[in-house]
Amino acid sequence: MKTPDFPGEPVNLSESTEEDIPVAVRDTPDTRRRSRLQPFLIILAVLGGGAIVLGLILSSSTSQSPQTITASPQPTTTDTSTSTTPEESESESENDVDNLLGHLPYEEAPLSELEPITSDGRIQLREAAAKKFKAMRAAAQADGIVLVAISGYRTQQQQQHLFFDIKAQRGQVATQRAEVSAPPGYSEHHTGYAVDIGDGRTPATNLNTNFENTAAFKWLEENAAYYSFELSFPKGNPQGVSYEPWHWRFVGDPDSLETFYKAQNLDRPDLEPSPSSSEPEDESSTREQGTGNRE
Ligand SMILES: [Zn+2]
């Protein structure tokens with residue numbers, strides 16, 4: 001999706017697709033053609049970037065309760081030590097965003113753009129993300145760390161099962177279910193940019209918050225950014241979503257960046273379906289076990 005939704009993005013300055021992302025994000029600024037506009041562009045980009053950074057700082061420095069930027073319900077998973085009381089988020093009324101039980105809509109990645117990241121081909125990511133993931137896994141391996149892909153791209157149909165079937169199996173009401181699983185159509189995994197990562201040496205920590213104690217997680221914290229992966233739901237995230245140390249998303253190209261960062265402006269009514277934020281979509285922060293249907 002193409003849209004000039006970045007804060008401070010110069011509007012319609014050129015026909016070139018590179019204009020779809022702010023100047024600050026571009027690899028090679030075109031100084032030849034638009035030298036007159038350059039100072040203007042830079043100012044806009046700086047302002048926009050500053051707004052994003054400020055927003056992130058503000059939201060991360062505040063408590064776990066949902067801020068005005070969030071559209072999600074409370075995280076109430078049992079594993080996070082700081083479980084909060086489930087209350088319906090008041091932010092839903094503040095943000096005119098198309099969300100469902102706090103989850104935002106994501107489009108499914110085109111099948112033609114998917115590439116396997118496991119040898120059996122069962123787990124896939126969108127091509128750009130897949131390449132970076134593989135490079136990251138190889139680099140980790142060289143450091144003696146075993147990164148294991150647990151889940152990548154998911155169809156809405158797969159999410160349908162995860163949400164509704166498991167919900168029925170457990171006798172959960174929709175709001176309960178939504179605390180730990182995204183409804184179909186509302187999972188970051190649909191985008192093909194999100195991957196759940198485990199530590200091959202400690203599989204017992206898979207999809208569990210104690211994954212944060214593994215060597216794999218520590219390695220990711222230090223190195224994932226070099227491969228353009230970031231934690232979707234860190235502790236105290238602006239969305240008020242349950243902490244998911246295993247769930248990483250790719251933000252290394254314009255499409256992925258837009259997909260996830262447009263949602264940072266949840267108070268905007270003009271969001272297209274694609275944004276981010278809010279989705280404790282992986283089961284595992286619950287202590288429940290038995291069904292084995294974490295993903
Ligand atoms: Zn996930």
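Every read-out reported here was derived from the displayed coordinates using simple, explicitly stated rules and does not represent laboratory data. What you see is a predicted model, and the numbers here were worked out from it, not measured in a lab. Counting neighbours? That spans all protein chains shown, and the Cβs are built from the backbone with ideal geometry, glycine included.
Computed extension length for Lys218-Ala138: 27.2 nm, one decimal, from 0.36 nm per residue of separation with the Cα-Cα distance subtracted. Shown in residue order for the range 189-196 are the 3J(HN,Hα) couplings computed by the Karplus curve 6.51 cos²θ - 1.76 cosθ + 1.60 at θ = phi - 60°: 5, 4, 6, x, 9, 9, 9, 9 Hz (x for Gly and Pro). Applying 1/(1 + (r/R0)^6) with R0 = 22 Å to the Cβ-Cβ distance of Ser112 and Gln157 gives a FRET efficiency near 0.75. For the range 124-137, backbone phi angles converted through the Karplus equation (6.51, -1.76, 1.60; θ = phi - 60°) give residue-by-residue couplings of 10, 10, 5, 3, 4, 5, 4, 4, 5, 4, 5, 5, 5, 5 Hz, Gly and Pro being listed as x. The lysines within cross-link reach of Lys218, meaning a Cα-to-Cα straight distance under 16 Å and a gap of 8 or more places when in the same chain, are Lys235. If you plug the beta carbon distance of Asp120 and Asp165 into 1/(1 + (r/R0)^6) with R0 = 30 Å, you get a FRET efficiency near 0.80.
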